[in-house]
1. Considering segment 217-255 alone, what residues qualify as being assigned to a loop (DSSP other than H, G, I, E, B), closer than 27 Å to residue 295 by Cβ and of a type in the set (Asp, Glu)?
2. Would segment 91-110 turn up any residue that is open to solvent by 80 Å² or more (accessible area, probe 1.4 Å), more than 21 Å from the chain's Cα centre (by Cα) and modelled with pLDDT under 90?
3. Does any residue of segment 48-59 turn out to be open to solvent by 50 Å² or more (accessible area, probe 1.4 Å), in a helix (DSSP H, G or I) and at pLDDT below 90?
4. Is there a residue in segment 274-286 that is loosely packed, with under 13 Cβ neighbours inside 10 Å, within 27 Å of residue 14 (Cβ to Cβ) and modelled with pLDDT of 95 or more?
5. Contact list please: Cβ distance under 8 Å, first residue in segment 274-293 and closer than 15 Å to residue 235 by Cβ and assigned to a loop (DSSP other than H, G, I, E, B), second residue of a type in the set (A, V, I, L, M, F, W, C) and open to solvent by 30 Å² or more (accessible area, probe 1.4 Å), pairs at least six apart or on different chains.
6. Are there any pairs with C-beta distances below 8 angstrom linking a residue in segment 110-125 that is closer than 12 Å to residue 242 by Cα to a residue that is of a type in the set (Lys, Arg) and open to solvent by 10 Å² or more (accessible area, probe 1.4 Å), with the two at least 6 apart or on different chains, and if so which?
7. Note down all Cβ pairs under 6 Å where the first residue falls in segment 72-85 and is of a type in the set (Ser, Thr, Tyr), the second is assigned to a strand (DSSP E or B), and they're at least six residues apart or on different chains.
8. Restricting to segment 278-306, count the residues that are farther than 17 Å from residue 202 by Cβ and under 12 Å from the mean Cα position of the chain (by Cα).
Amino acid sequence: MSKRKIAKLVNENYVRGWDDPRLYTLEAIRRRGVPPGAILSFINTLGVTTSTTNIQATRLESSIRHYLDYTTPRLMMITDPVKVIFDNLPDDYEEIIEIPYKPGSENFGSRKIPFTKEIYIDRSDYRDGISKDYFRLAPGQPVGLMKVPFTIKVLSVEKDSDNLPTVIHAHYNNGEGEHKKPKTFIQWIPISEKYKSPVEIKETRIHNQLFLSENPSAHPDGFLNDINPDSEEVIKGAIIEPAFNEIKLKSPLNMPFTPQPEFSIVEEEGRPETIRFQALRVGYFCVDKDSNDDQLILNRIVTLKEDSNKSS
């Protein structure tokens with residue numbers, strides 16, 4: 001897209017600025033959290049030609065996704081949390097669970113998370129009824145929590161006026177009766193003032209394609225009429241496990257800068273988007289520059305899997 005058209009998008013407030021993650025300026029790609037190495041990897045997949053060509057955005061995202069899969073730790077993040085209280089556990093219950101940052105890769109190490117009397121799970125991991133293709137938590141259907149040794153089962157559910165669950169009362173089967181392997185395991189985040197958990201996210205920004213078609217300039221009423229009304233979704237109230245703070249401390253944002261050999265790609269010192277991680281079942285994320293000590297704002301870099309519905 002030409003500089004003139006981008007300037008129109010910026011000046012008329014269709015985007016947040018020249019570095020809006022929905023654009024493909026270098027500043028925008030950097031703010032979106034794309035590592036320099038991923039861009040090089042993408043360029044290496046392209047052929048050399050002198051003709052004007054259009055390259056699908058999915059090809060760039062595929063290269064970014066592949067690069068991030070090998071270079072980012074995995075964390076539990078819940079976008080729509082609902083509280084679970086274990087009625088059979090004492091208020092001060094604490095069971096330390098060790099979880100690797102990246103299963104199968106010792107280089108990333110692991111973190112220790114407390115399993116407590118109260119936790120959060122994602123609302124999508126609970127249903128009132130059981131069906132053939134549903135294996136997560138439901139009355140009469142126990143489920144496992146990631147790396148927690150025993151299953152949990154529903155006792156009762158508190159709901160709001162819209163019939164949505166607000167609190168799930170459950171039982172932790174800690175060695176009681178026959179221990180059966182659950183059909184599936186779901187993610188969870190502890191509620192613990194001692195461990196400063198959970199970490200609250202003020203905004204989770206989900207960026208989709210800015211335009212509805214591959215060639216917005218061809219729109220009969222002008223390229224502005226081709227803008228995708230859902231190009232940015234903002235999720236409020238998401239949470240992340242406390243190990244995020246450890247990832248933040250180990251990121252290039254807080255690590256001392258070390259000169260690298262010539263032609264090597266290094267991260268910029270002191271930039272928040274260098275704090276990257278994979279949120280299980282959700283996508284790859286980085287910290288946005290609008291964040292500060294009091295509010296955490298995340299940008300989604302790419303999804304976990306390629307969206308087959310995308311055409312540009």
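The values are calculated or read from the model by the stated rules, or taken from the named source; none is laboratory data. This one's a predicted model, so the numbers in the text were calculated from it and none came from an experiment. Neighbour counts are summed over all protein chains in view; Cβ atoms, including those assigned to glycine, are modelled from backbone coordinates with ideal geometry. Ligands, DNA and RNA are stripped out before the accessible areas are found, and what is left, the full protein with its side chains, is counted by its heavy atoms. Shrake-Rupley method; radii C 1.70, N 1.55, O 1.52, S 1.80 Å.
1. 230, 241
2. Yes, there is a match, as at least one residue in segment 91-110 is open to solvent by 80 Å² or more (accessible area, probe 1.4 Å), more than 21 Å from the chain's Cα centre (by Cα) and modelled with pLDDT under 90.
3. Yes: segment 48-59 contains one or more residues that are open to solvent by 50 Å² or more (accessible area, probe 1.4 Å), in a helix (DSSP H, G or I) and at pLDDT below 90.
4. No, because not a single residue in segment 274-286 is loosely packed, with under 13 Cβ neighbours inside 10 Å, within 27 Å of residue 14 (Cβ to Cβ) and modelled with pLDDT of 95 or more.
5. 281/304; 282/304
6. Close Cβ pairs satisfying both conditions: 114/194.
7. 72/276; 72/277; 72/278; 79/235
8. Counting residues in segment 278-306 that are farther than 17 Å from residue 202 by Cβ and under 12 Å from the mean Cα position of the chain (by Cα) gives 9.
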